[in-house]
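Participant: Below is one structure. I have some questions about it.
The values are calculated or read from the model by the stated rules, or taken from the named source; none is laboratory data. In this text, all values refer to a predicted model and were calculated from it rather than measured experimentally. For neighbour counting, all protein chains shown are included, and Cβ atoms are generated from backbone atoms with ideal geometry for every residue, glycine included. These accessible areas exclude ligands, DNA and RNA; they are computed on the full protein's heavy atoms, side chains included. Shrake-Rupley method; radii C 1.70, N 1.55, O 1.52, S 1.80 Å.
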Amino acid sequence: MKKTLGPINALYPSLTVLLGSHVDGRPNFSAVAHVGIMNHGQPQYISFGVNKAHHTNRGVIENRAFSVNIPSQDLVVETDYCGLVSGKKTDKSSMFELFYGDTPAAPMIKACPVCMECVLHDVLDYKTHNIFVGEIRQVHAEESVLADGAIDPARLRPLLFDMGLRKYWSLGPAVGDCWSIGKQMKKTSQGA
């Protein structure tokens, strides 16, 4: 029997990233888990819901650029720290070794196995949050997390954030192949 929980977001756990931007001329990073995939075509867009109180927001809006850094489980302490302290009071610019691609105001973290440089496409202004929609301009990935030229989640070992239990989680093993495993049901439903 199901229990009624009220209007909570039941989509957790979600991918945890470090959103990077330049604020007052220096790199800053915020831990963000409200990440959305907007499409699968060119150009590719992603979205982030970030409370307006975050210091990073100003940099994203002013520079119209940002980075999305996907930490592995090895960076759980640093990632959580970036979510605990504000760049308004703590200089996070020297926490990580950084690099840049073609987007000058999008600082990327070398220790993160996957980094994306993005330009700001749109900002949705809600009462307490900004929803940033960014266009992905380039993805930088360590060869160690690639399989057949694609990012392999098992090799990446990303952090997943759960608001309900306030825990970080990891991925388990793959459970099936997309656009394939369901064919067994298709065969039986069509009598084949």
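Participant: In the chain, if the dipole is taken from +1 on Lys/Arg beta carbons and -1 on Asp/Glu beta carbons about the Cα centre, which of N63, I46, F161 is farthest to the positive end?
Facilitator: F161
Participant: Could you pull out the GluC sites (Glu not before Pro) across the range 38-144 that fall in loop regions by DSSP (anything but H, G, I, E, B) with no more than 12 other Cβ atoms inside 10 Å?
Facilitator: Values: sites: E62, E78, E97, E117, E135, E142, E143; in loops: E97, E142.
Passing both the DSSP loop test and the Cβ count: E97.
Participant: What is the magnitude of the charge dipole of the range 1-112 about its Cα centre, with +1 placed on the Cβ of each Lys and Arg, -1 on the Cβ of each Asp and Glu, and no other charges, expressed in debye to the nearest 20? Mind dumping the intermediate values first?
Facilitator: Values: 10 positive and 8 negative charges, 96 e Å.
Roughly 460 debye, rounded to the nearest 20.
Participant: Still on this model: Which whole-number percentage describes the relative contact order of the chain, with Cα contacts under 8 Å and a sequence gap of 6 or more?
Facilitator: Numbers: 361 pairs, mean separation 43.8, N = 192.
The normalised contact order for the chain reaches 23 percent.
Participant: Using the Kirkwood formula over every pair of different C-alpha atoms, what hydrodynamic radius in Å results for the chain?
Facilitator: Roughly 18.0 Å, rounded to one decimal.
Participant: Right, here's the next one. For the range 106-192, which chymotrypsin sites (Phe, Trp or Tyr not before Pro) are both in a DSSP coil and crowded by at most 11 other Cβ atoms within 10 Å? Walk me through the intermediate numbers first.
Facilitator: On the way: sites: Y126, F132, F161, Y168, W169, W179; in loops: Y126, W179.
Listed in order of number, the matching sites are Y126, W179.
Participant: With θ set to phi - 60° and the Karplus curve 6.51 cos²θ - 1.76 cosθ + 1.60, what are the ³J(HN,Hα) couplings of the range 75-90 in order, to the nearest whole Hz, using x for Gly and Pro?
Facilitator: Per-residue couplings from phi come out as 9, 4, 5, 5, 5, 4, 4, 5, x, 8, 10, 8, x, 5, 10, 10 Hz.
Participant: Rounded to the nearest 20 debye, what is the charge dipole size of the range 91-169 about its Cα centre when +1 sits on each Lys and Arg Cβ and -1 on each Asp and Glu Cβ? Before the final figure, lay out the partial values.
Facilitator: Numbers: 8 positive and 12 negative charges, 87 e Å.
Charge dipole of the range 91-169: 420 debye, to the nearest 20.
Participant: Which net charge results when you count Lys and Arg as +1 and Asp and Glu as -1 among the other residues whose beta-carbon is under 15 Å from that of G134? Let's see the in-between values first.
Facilitator: On the way: positive: R64, R137; negative: E62, D102, E117, D122, E135.
Surrounding charge for G134 is -3.
Participant: Then there's this: Quick check of the Kirkwood formula: for the range 110-153, what is the inverse mean of 1/r over all pairs of different Cα atoms, in Å?
Facilitator: Details: mean 1/r = 0.0801 Å⁻¹.
About 12.5 Å for the range 110-153.
Participant: With the alpha-carbon atoms as the only input, what is the per residue convex hull volume for the range 78-192 in Å³?
Facilitator: On the way: hull volume 24.9 nm³, N = 115.
Taking only Cα atoms, the range 78-192 has a hull volume of 216 Å³ per residue.
Participant: Please give the calculated 222 nm ellipticity per residue for the chain, where each DSSP H segment of at least 4 residues contributes -39500 (n - 2.57) and the sum is spread over every residue; nearest 500 deg cm²/dmol?
Facilitator: Details: 4 runs with 28 residues, N = 192.
So the helix-based figure for the chain works out to -3500 deg cm²/dmol.
Participant: Can you classify the range 18-94 as rounded, prolate or oblate using the Cα gyration tensor, where a ≥ b ≥ c are the square roots of its eigenvalues, rounded means a/c under 1.5, and otherwise it's prolate if a/b beats b/c and oblate if not?
Facilitator: Numbers: a/c = 1.94, a/b = 1.29, b/c = 1.50.
Cα axes put the range 18-94 in the oblate bin.
Participant: Label 7 Å along Cα→Cβ of H40; the range 126-156 residues with amide nitrogen under 14 Å?
Facilitator: Inside the label zone: 151.
Participant: Skip the ligands, DNA and RNA, and give the accessible area per residue of the chain with a 1.4 Å probe, whole Å².
Facilitator: Accessible surface, normalised per residue, equals 62 Å².
Participant: Can you tell which of A105, L120, A174 lies farthest toward the positive end of the dipole of the chain, using +1 and -1 charges on the Cβ of basic and acidic side chains (Lys, Arg; Asp, Glu)?
Facilitator: Positive-end residue among those listed: A174.
Participant: Any chance you could count the Lys pairs in the chain whose alpha carbons are under 28 Å apart, treating pairs 8 or more apart or on different chains as valid?
Facilitator: 19
Participant: Summing +1 for each Lys or Arg and -1 for each Asp or Glu, what net charge is found among the other residues whose Cβ lies under 9 Å from the Cβ of A105? Could the numbers behind the result be given before it?
Facilitator: Numbers: positive: R64; negative: E62.
Spelling it out: positives minus negatives among the neighbours equals 0.
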